[in-house]
Amino acid sequence: MKIAILASGNGTNFQALAEKFQSGEIPGELSLLFCDHPDAYVVERAKKLNVPYESFTVKECGGKKPYEERLLDLLNAHQIDFLILAGYMRVIGAEIIKTFENSIINLHPAYLPEYPGLHSIERAFEDHVQNGRTETGVTVHYVDCGLDSGPIIAQRHVPIYDEDTVDELEERVHECEHILFPQTIKRVLNDRIAYEKGSN
């Protein structure tokens, strides 16, 4: 099974997953990193780990539709079977979702359905400051055409402490992500591979 990871930023979750793919702890072949920001540090992580990578922007494609078409062509060219979104900051288009139905997983830094969309950690922290909120969380879910609305696979709560800064909360959320995301991906891919073997 060939896997692609889509990411937009620093790439700590990409690295955590890539190392586990390369060690064999997570099944499947990590065949591609795609990044929509060519200057993002995740590209450097891919280079250091010898993971094939591609990067282009919506602007250089001339808009969202040609960008999505080029991305789908890229995924098909690499014969990708399964997509993992690890800090990918764009909404996936309908054609890609249709092509990879039930085969796209996203990591979201909140306990969905709370705080969908962008700036989830900051919004949870603001709720803590304004309203005394004591926890947020992390969610791994399948991707559908809605905003962070697909079926939930795994979740974990993350506490917010009175003395926290937003940076400290962000670090705690990322620590949780680096545990939950690889565990969940491993379970999903093991189940998928076992099912496909049983079907043949």
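Every number here is computed from the coordinates shown, using simple stated rules; none is lab data. Just so it is clear, the model here is predicted, and its values are computed rather than measured. Please note: Cβ atoms are built from the backbone with ideal geometry, for glycine as well, and neighbour counts cover all protein chains shown.
So here's what we get for this one:
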{"read-out": "Packing-based exposure ordering (other Cβ within 10 Å, fewest first) of 37, 157", "value": "157, 37"}
{"read-out": "Value of [θ]222 nm, deg cm²/dmol, for the chain, DSSP H segments ≥ 4, -39500 (n - 2.57) each, nearest 500", "value": "-14000 deg cm²/dmol"}
{"read-out": "Difference of contour (0.36 nm per residue) and Cα-Cα distance, residue 65 to residue 37", "value": "8.4 nm"}
{"read-out": "Pairs from 2/48; 20/59; 47/98; 98/197 whose Cα-Cα separation, in the structure shown, is over 25 Å", "value": "20/59; 47/98"}
{"read-out": "Cross-link partners of residue 64 among lysines (Cα-Cα below 16 Å; sequence separation of 8 or more within a chain)", "value": "none"}
{"read-out": "Shape metrics for the chain, restricted to C-alpha atoms - Rg then Dmax, Å", "value": "16.9, 56"}
{"read-out": "Segment 2-199 - share of DSSP beta bridges that are antiparallel (%, nearest 5)", "value": "40"}
{"read-out": "Neighbour-count ranking [beta-carbon atoms within 10 angstrom, fewest first] of 187, 192", "value": "187, 192"}
{"read-out": "Order of 141, 178 - criterion: other Cβ atoms within 10 Å of each residue's Cβ, fewest first", "value": "178, 141"}
{"read-out": "Vicinal HN-Hα couplings computed from phi for segment 135-149 (Karplus, 6.51 cos²θ - 1.76 cosθ + 1.60; Hz; Gly/Pro x)", "value": "7, 10, x, 9, 10, 10, 8, 6, 9, 10, 7, x, 8, 6, 10"}
{"read-out": "Cα centre as origin, Lys/Arg/Asp/Glu Cβ charges: the chain dipole, Debye", "value": "800"}
{"read-out": "Relative contact order, percent, the chain [alpha-carbon distance under 8 Å, six or more residues apart]", "value": "19"}
{"read-out": "Backbone N within segment 117-160 under 20 Å of label point (7 Å from residue 95 Cα along the Cβ vector)", "value": "143-146"}
